[in-house]
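K.L.:
Could you have a look at this structure, given as structure tokens, before my questions?
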Amino acid sequence: MTKQKPGTIQVKSFGDHHVITQPNPLRKVLLRVPESDLDDPVGRAEKALAGLSGEFKTWMAIEADRLSAAHAVVLRDGFTIENREELFRAAHDIKGDAATFGFPSAGAAAESLCRIIEHAPDLDQVPPELITHHINAIQAIVRERTKLDTAVMASKLSKQLRGVADEFLLKVNRDRPEHLEAILAPSIVPAE
Amino acid sequence: MYRIDFNKLRFLICDDNPHMRRILRTLLHSFGAREAYEAEDGATALEMYSHYVPDIVITDWSMPIFDGLELAQMIRQPESKGNPYAPIIMLTGHSEKRRVTVARDAGVTEFLAKPISAKGLYQRILNVVANPRPFIKTKTYFGPDRRRNINNAYIGPERRVGGEVEVMQQPSLLDKARSAV
């Protein structure tokens, strides 16, 4: 693989910082090809990803079940540090993966749940049904995907959940400006 | 026109989610990469980083044991025996701007918010290969230059002192090649 040559790094020092440059160790992997080159690595990768899509529903069901299992532990033992972390990670994975797997509304509902876990001042004071509704919604969106009209319903459901969750978060964080700022900040990911 | 010879690149993927690792592996192999090592937590990734010396690291943020942010901070140790300069692409479900800033301050080279796309990943890889930034070392930071653009209209106080602002850019291969044409 590409190796760095030692001793080729240049350092220029200033009053309180150094600027360090080195010859690009990855230079050799950039190839000049003619305009007529038909290779399309992005298109090839998209096709390969489409080839995996047959597994996405199963993967999504596994992720949703992991979330439900984490929630069941919270209901049984309360919000310990470990339980909170596992619930957050399960929701956060769905937030990141669901759109790729073809379940964008499940991702939106999971994002709303992540915001509750991250910004509620005291998770024990969060109405239990608010969390339960998010998890039930994600399960429903994943299980009922094949039925007609569910895409529209799923989108409406996730938007309603987000509305209720945001209303709750704005209320409980009214004296916590740093959380309010984070709650109100727009996402860097374009909306659906 | 330029193309990356993925065949010659060695990747380290770090993500606790097996489905995301599978997707990343699929994308990288489709691009043409042959070597993609996988770790499911930051601690394992750090060990693999020392052992395999990857050219590019792609890491998730939220992981058990220690997370992708801590992994980036541990790689960016200027006195370490390993390579502190490898490009780090953070691929994460976090989608808030403040997270981008935190990742940048940990020494992350590129930030890619999920959902992942083949195009988004390819562009980040192309960027770290063709447009490497110089590294900056201060008392509190070691990592790629966080100033991607020089703003001539900036009139506030300078955070860097001790002389004129002199940023030594590594020439972009793309720009260099274009100017030669």
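K.L.:
Please rank A:153, B:63, fewest neighbouring Cβ atoms within 10 Å first, as an exposure proxy.
P.N.:
Starting with the residue having the fewest Cβ neighbours, the order is A:153, B:63.
K.L.:
Next question, about the same structure. How long is the gain from residue A:167 to residue A:130 if the chain were fully straight, where each residue apart is worth 0.36 nm and the alpha carbon distance is subtracted?
P.N.:
Full extension from residue A:167 to residue A:130 adds 12.2 nm.
K.L.:
For the charge dipole of the protein assembly as shown, defined by +1 on Lys and Arg C-beta atoms and -1 on Asp and Glu C-beta atoms about the Cα centroid, which residue among B:106, A:135, A:42 has the Cα displaced farthest towards the positive pole?
P.N.:
Selected residue: A:42.
K.L.:
Longer than 32 Å from Cα to Cα, which of A:171/B:97; A:171/B:119; A:156/B:97; A:57/B:97 are they? Say none if no pair is.
P.N.:
Listed pairs above 32 Å: A:171/B:119.
K.L.:
If you don't mind, another one. With N residues in region A:43-121, what two-decimal value do you get for its Cα radius of gyration over 2.2 N^0.38 Å?
P.N.:
Its radius of gyration relative to the 2.2 N^0.38 Å reference: 1.24.
K.L.:
Here's something else I'd like to know. Once each part is reduced to its C-alpha centroid, what is the distance from region A:55-75 to region B:49-88 in angstrom?
P.N.:
If we compute the Cα centre of each part, the gap is 30 Å.
K.L.:
Here's something else I'd like to know. If R₀ is 22 angstrom, what is the calculated FRET efficiency for the pair residue A:143 and residue A:187, using the beta carbon separation as r and rounding to 0.05?
P.N.:
For residue A:143 and residue A:187, the calculated efficiency is 0.25.
K.L.:
Also, quick follow-up: Along the Cα-to-Cβ line of residue A:8, 7 Å from the Cα, sits a label point; which residues in region B:56-78 have backbone N less than 18 Å from it?
P.N.:
Hits in region B:56-78 for residue A:8 at 18 Å: B:56.
K.L.:
Looking only at region A:102-125, which residues have a backbone nitrogen under 11 Å from a spot 7 Å from the Cα of residue A:82 in the C-beta direction?
P.N.:
none
K.L.:
Going by how many other beta carbons lie within 10 Å of each one, how would you line up B:49, B:85, B:141, fewest first?
P.N.:
So the ranking, lowest neighbour count to highest, is B:141, B:85, B:49.
K.L.:
Once the dipole of chain A is set up with Lys and Arg at +1 and Asp and Glu at -1 on Cβ about the Cα centre, which of A:155, A:120, A:73 lies farthest towards its positive end?
P.N.:
A:155
K.L.:
Per residue, how much space in cubic angstrom lies within the convex hull of the C-alpha atoms of region A:82-150?
P.N.:
Looking at region A:82-150, the number lands at 80 Å³ per residue.
K.L.:
Using amide H atoms built in the peptide plane, which far-off residues or other-chain residues are under 5 Å from residue B:10 H to H?
P.N.:
Hits under the 5 Å cutoff: A:2, B:55, B:56.
K.L.:
Based on the alpha-carbon gyration tensor of the protein assembly as shown, what equivalent-ellipsoid semi-axes (square roots of 5 times the eigenvalues) come out, in whole Å, largest first? Walk me through the intermediate numbers first.
P.N.:
Details: eigenvalues 288, 134, 72 Å².
For the protein assembly as shown, the semi-axes come out at 38, 26, 19 Å.
K.L.:
Residue-wise, which Karplus ³J(HN,Hα) couplings in Hz belong to region A:24-30, taking 6.51 cos²θ - 1.76 cosθ + 1.60, θ = phi - 60°, and x for glycine or proline?
P.N.:
Calculated HN-Hα couplings, in order: 4, x, 9, 3, 5, 8, 8 Hz.
K.L.:
When the Kirkwood hydrodynamic radius is evaluated over all pairs of different C-alpha atoms of chain A, what value in angstrom, to one decimal, is obtained?
P.N.:
The Cα-based Kirkwood calculation yields 20.1 Å.
K.L.:
Give me a comma-separated list of calculated 3J(HN,Hα) values for region B:92-101, in order, Karplus coefficients 6.51, -1.76, 1.60 applied at θ = phi - 60°, integers in Hz, x for any Gly or Pro.
P.N.:
These are the phi-based 3J(HN,Hα) values: 8, x, 5, 10, 9, 4, 4, 5, 4, 5 Hz.
K.L.:
Would you calculate a helix-derived [θ] at 222 nm for chain A, using -39,500 (n - 2.57) for each DSSP H run of n ≥ 4 and dividing by the full residue count, to the nearest 500?
P.N.:
Calculated at 222 nm, the ellipticity per residue is -20000 deg cm²/dmol.
K.L.:
May I pose another question? Among B:96, A:181, which comes first, then next, by fewest other beta-carbon atoms within 10 Å?
P.N.:
Ordered by Cβ neighbours within 10 Å, fewest first: A:181, B:96.
K.L.:
For residue B:38, list long-range residues whose amide hydrogen, built 1.01 Å from N in the peptide plane, is under 5 Å from its own amide hydrogen.
P.N.:
Placed amide hydrogens put B:13 under 5 Å from residue B:38.
K.L.:
How big is the C-alpha Rg of region B:1-84 next to the rule-of-thumb value 2.2 N^0.38 Å, as a ratio?
P.N.:
1.09
K.L.:
Once phi is turned into θ = phi - 60°, what whole-Hz ³J(HN,Hα) does the Karplus curve with 6.51, -1.76 and 1.60 give for every residue of region B:118-132, x standing for Gly and Pro?
P.N.:
My calculation for region B:118-132 gives 4, 5, x, 5, 4, 5, 5, 5, 4, 5, 6, 7, 8, 10, x Hz in order.
K.L.:
State to the nearest 20 debye the size of the charge dipole of region B:77-118 about its Cα centre, where the only charges are +1 on K and R beta carbons and -1 on D and E beta carbons.
P.N.:
Roughly 140 debye, rounded to the nearest 20.
K.L.:
What is the set of long-range amide H partners of residue B:2 at a cut-off below 5 Å, with H atoms built 1.01 Å from backbone N?
P.N.:
The answer is A:33.
K.L.:
What percent do you get for the relative contact order of region A:56-183 when only Cα pairs under 8 Å and 6+ apart count?
P.N.:
26 percent
Where a number appears in this text, it was derived from the coordinates with a stated rule and is not lab data. All values derive from a computational prediction rather than experimental measurement. Neighbour counts run over all protein chains shown; Cβ positions are idealised from the backbone, glycine included.
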